[in-house]
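The values are calculated or read from the model by the stated rules, or taken from the named source; none is laboratory data. A quick note: this is a predicted structure, and the numbers were derived from the prediction, not measured. Positions of Cβ are generated from backbone atoms using ideal geometry, with glycine treated the same way; all protein chains shown enter the neighbour counts. Surface accessibility is based on the protein's heavy atoms, side chains included, excluding ligands, DNA and RNA. Shrake-Rupley method; radii C 1.70, N 1.55, O 1.52, S 1.80 Å.
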Amino acid sequence: MCGSQTVRTLETLFSFTLKVVFATVLPVHSVVFPLAAALRSSQSQNMSTEAITKVEQAAAAGKLTADTPGNVKDWLSKDCVSQYHGRILELINAEEWAILDELFWTTIPFGTGGRRGPMGELGPATINDRTIAESAHGLAAYLRKSGVTEGGSAVVTSDTRNNSPHFARLTATTFAAHGLKVYLFEEPRATPELSYAVRKLNCDIGVMISASHNPPADNGFKAYWSNGAQVIPPHDKGIITEVENAGDIPAMDYDQAMAAGKIELIGPHIDTEYVNEVVALSQTKNRDISAVFTPLHGVGETSIYKILQQADFDKVAIFEDHRVQDGNFPNVPKHLPNPELLEVFDPVIDWVKQNNHDADLILASDPDADRLGVMVRNSEGGFTAISGNQTGALITDYLLFKRKAAGTLSNSDYVVETLVTTPLVQAVAEHYGAKAFSELLVGFKWIAKTIEENGADHFVFGCEESIGFLAGDYCRDKDGAIGALFILELAAELKAKGKTLLDHLDELYIRHGFHAEGQKSIYCTGPTGKAKIDGLMQTLRDDPPTQLGPIRFVEVADYSTGKRTGLPDGKSLGSIENPRGDLLIYKSDPAAPVRINIAGRPSGTEPKIKFYFFCQSDLPGGEDLNQAKGAGDSVMKEVQDALGEWADQQLG
């Protein structure tokens, strides 16, 4: 099943419901006589042989798809997952083929956000005790092969999702069994604080148990290296190899590990230092701004709200209906805690209206508090969302303006963004004479890599379109807290001048031309989804559309093959050395008054292709912003609709 969804600046999150049953793996100590053991082994082999025959018959009948048959056989043949054999055989004998497909249709990979997916009782296609233990084992085993042959240390924490603390403890005991000293947060904490702790405690690795903004049924495993950033090549591939080769996984009892000092609980001390370092990045003392913050039942109160309180934003209230930490996200519309979705703001907006609250802004963070959504009070008294692209451009301008005013701006100062983030950020940076690194693949880990390569002394700001922001040298992952601090400070300074963030956006558009961004996601769900996604990406390479609506494309840049190709003639326009990844960018005629570039990539964590649209519209006479907005918005819609029709035709 495939389909598309379109939003102008906010991405609609795909979700599905999976019945979650959790397997608790307990050590079993027993004595078995050799004859009985041999007899039991023979019986087990017979049962497995019969079961495999049934699986093959089901696959031949089209009841099992993708890699399910092979993965089922693999699990039944391995002693290291023998505790699951009984349940697998039970499902096979009951001919529960749909359930088996959900559990075995693939092996959850490491994508741009680590490893995440639906929780389940067993199988490589779900997050469960085995796949979490494999992930932890793979990370620890790779660490040993990378040079840390003995000793070493790790930090582990989790967000408020269902079973997150359990998975965090399982990760910690697996690391301890590998001989690592493990620092385990005693309560759920934000992803950026995990990154901070890795650096502060000089650890070799770190793990965050979280599925970010995914539905309640999901969870995940984010792996961090010694610099506090998520793992990148070659580390990610090395970890995956160790995960795939995992057999018997070393285990250790939690209480014994605690008693032996192999696991140490941490919390308040690291909290205080993390909060202090973020607050120290403040650029102004102006705090005259009113706002409401919602953590969406996640950990945002422990980081974002605590930081805003310490920074003396006394007029920022927390939304009580979303305050309690709860992995079911009960009071969030559709139980989807994604601050890119406008629906999550609805309960807050209703509360503001009912209580006649004077909020100038509404802020929302996702469950692990690494991303921040923003809404601004508009001239009609309602609220208007500003996207991650717009927020990033606003904060970039704010920080560079502050440096220029203080006389500290240098031509060595730089900002960082990804290839799917608005070109407005680069335009703002160039206006101030700063550098902009924008040729980066999707994922904040590439922003972290750029900071490592260029040093933090002149790093000003990093941002990505999916509402991720970072400044300073305290961590190497996006942080909703730094975004909240700076956007509130900018709003307060603008308010003192009788302006809003929306007014200042228009000022940026007048200076740099109108910029608008949008997204369309093409979903292909189920076990056959990946094959359809791969096929569509191949079509985009082999037979790319040369025109969508009124926009004519003149070039396609393929970051997988490293080729730049002219359209429609197919002539070579040069090569791409770096970066390299599964990303296509179509560029329109640069001489047209309205220009739209499109980037397309398969998602690393969901069964879809994400398309990003970047519109630039010239201002007639350099002044008519409304006309430029109207022209840009109109063409953007035509192009998005045309892309949807083209994709539907390709998918049949």
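Which residues, taken from region 111-152, are under 27 Å from residue 91 (Cβ atoms), in a loop (DSSP other than H, G, I, E, B) and hydrophobic (A, V, I, L, M, F, W, C)?
122, 125, listed by residue number.
May I ask you to say which residue of 132, 88, 108 is in the same structural domain as residue 65 (by the TED database), of a type outside the set (Asp, Glu) and either open to solvent by less than 10 Å² (accessible area, probe 1.4 Å) or without any contact (Cβ under 8 Å) to a residue 24 or more places away in the chain (or both)?
88
Would you check which residues across region 249-269 are at pLDDT 95 or above and assigned to a loop (DSSP other than H, G, I, E, B) and list them?
Scanning region 249-269 gives 249, 250, 251, 252, 253, 260, 261, 262.
Those residues that are in contact with an Asp or Glu (Cβ under 7 Å, 6 or more places away or on another chain) and open to solvent by 60 Å² or more (accessible area, probe 1.4 Å), I need them from region 277-303; list them, please.
283
Being aliphatic (A, V, I, L, M), farther than 16 Å from residue 319 by Cβ and either free of Cβ contacts under 8 Å to residues at least 24 places away in the same chain or in a helix (DSSP H, G or I) (or both) is the requirement here; does residue 400 meet it?
Working: aliphatic (A, V, I, L, M): yes; farther than 16 Å from residue 319 by Cβ: yes; either free of Cβ contacts under 8 Å to residues at least 24 places away in the same chain or in a helix (DSSP H, G or I) (or both): yes.
Yes: the conditions hold for residue 400.
Working only within region 553-582, note down all residues that are among the hydrophobic types (A, V, I, L, M, F, W, C), surrounded by 18 or more Cβ atoms within 10 Å (Cβ to Cβ) and either part of a strand (DSSP E or B) or not assigned by the TED database to the domain that holds residue 538 (or both).
553, 556, 557
Need pairs with beta-carbon distance below 7 Å; first residue open to solvent by 70 Å² or more (accessible area, probe 1.4 Å) and within region 493-508, second among the β-branched types (Val, Ile, Thr); sequence gap 6+ or separate chains.
495/289
Just need a number here: residues in region 42-73 that are in a helix (DSSP H, G or I), exposed (fewer than 11 other Cβ atoms within 10 Å of the Cβ) and at pLDDT 90 or above.
Number satisfying all stated conditions: 1.
Can you tell me which condition residue 490 does not meet? The list is (1) surrounded by 15 or more Cβ atoms within 10 Å (Cβ to Cβ); (2) out of contact with any Asp or Glu (no Cβ under 9 Å at 6 or more places or on another chain), and all the others hold.
The single condition residue 490 does not satisfy is (2).
Mind checking which residues of region 462-487 are buried (at least 24 other Cβ atoms within 10 Å of the Cβ), more than 21 Å from residue 296 (Cα to Cα) and over 16 Å from the mean Cα position of the chain (by Cα)?
If the condition is that a residue be buried (at least 24 other Cβ atoms within 10 Å of the Cβ), more than 21 Å from residue 296 (Cα to Cα) and over 16 Å from the mean Cα position of the chain (by Cα), then 475 is the only one that fits.
If you check residue 306 against the conditions, is it in a helix (DSSP H, G or I) and surrounded by 17 or more Cβ atoms within 10 Å (Cβ to Cβ)?
Numbers: in a helix (DSSP H, G or I): yes; surrounded by 17 or more Cβ atoms within 10 Å (Cβ to Cβ): yes.
Here the answer is yes, as residue 306 does meet what is asked.
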